[in-house]
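See below for the structure under consideration.
Bear in mind that the values in this text are calculations on the coordinates, not laboratory data. This is a predicted model, so every value here is computed, not measured. Here the Cβ is made from the backbone with ideal geometry for all residues, glycine too, and neighbour counts use every protein chain on show.
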Amino acid sequence: MGQKHILIVEDEESLLKLESILLASKGYRVTAVSDGTAALKAVAGDRPDLVLLDIMMPGIDGFEVCKRIKSAPETASIPVVMLTAKKSTFDQTRGLEAGAAAYVTKPFKSQKIAEVIEGLLAKA
């Protein structure tokens, strides 16, 4: 089995770099984009094994990106992990209803996000 591919969608550049380095150091192939439109193009073009998705972004927000990924038959099986500063129960429910497999809040521990990703990829 080849290297797993993770798409990171994060509009804050420093976090995008941090998440990319973290996941690359774990042996994943990483594609990083900074908005929802680019995320949807990336998912359609080079289908990742998992999407790590911020919610608060310019243009299309993470909830809508997740819904669109999950509503397309060709991408519906891709697990989506929402990684966000939005901590409310309402937002967590919205994320899971949009189709997210997991919802992790910022600030996050590197080990926690790695465990969530490894667990989801093991099921895929």
(request) Please give, to one decimal in nm, the separation of the simple spin-label points placed at A44 and L96, each 7 Å out from Cα toward the Cβ. (result) 3.1 nm
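Return the calculated 222 nm mean residue ellipticity for the chain, to the nearest 500 deg cm²/dmol, obtained by summing -39500 (n - 2.57) across DSSP H runs with n ≥ 4 and dividing by the residue count.
For the chain, the value works out to -14000 deg cm²/dmol.
Loop-only trypsin sites (Lys or Arg not before Pro) in the stretch 1-71, please: DSSP not H, G, I, E or B, and at most 15 other Cβ atoms within 10 Å.
On the way: sites: K4, K17, K26, R29, K41, K67, R68, K70; in loops: K4, K26.
When the trypsin sites (Lys or Arg not before Pro) of the stretch 1-71 are filtered for loop state and at most 15 Cβ neighbours within 10 Å, K26 remain.
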(request) Quick one: plug the Kirkwood hydrodynamic radius of the stretch 5-117 (C-alpha pairs) into Stokes-Einstein at 10 °C, 1.306 mPa s, and report D in µm²/s. (result) 117 µm²/s
(request) Evaluate the distance, in nm, between pseudo-label points positioned 7 Å from the Cα of R29 and of D11 along their respective Cα→Cβ axes. (result) 2.9 nm
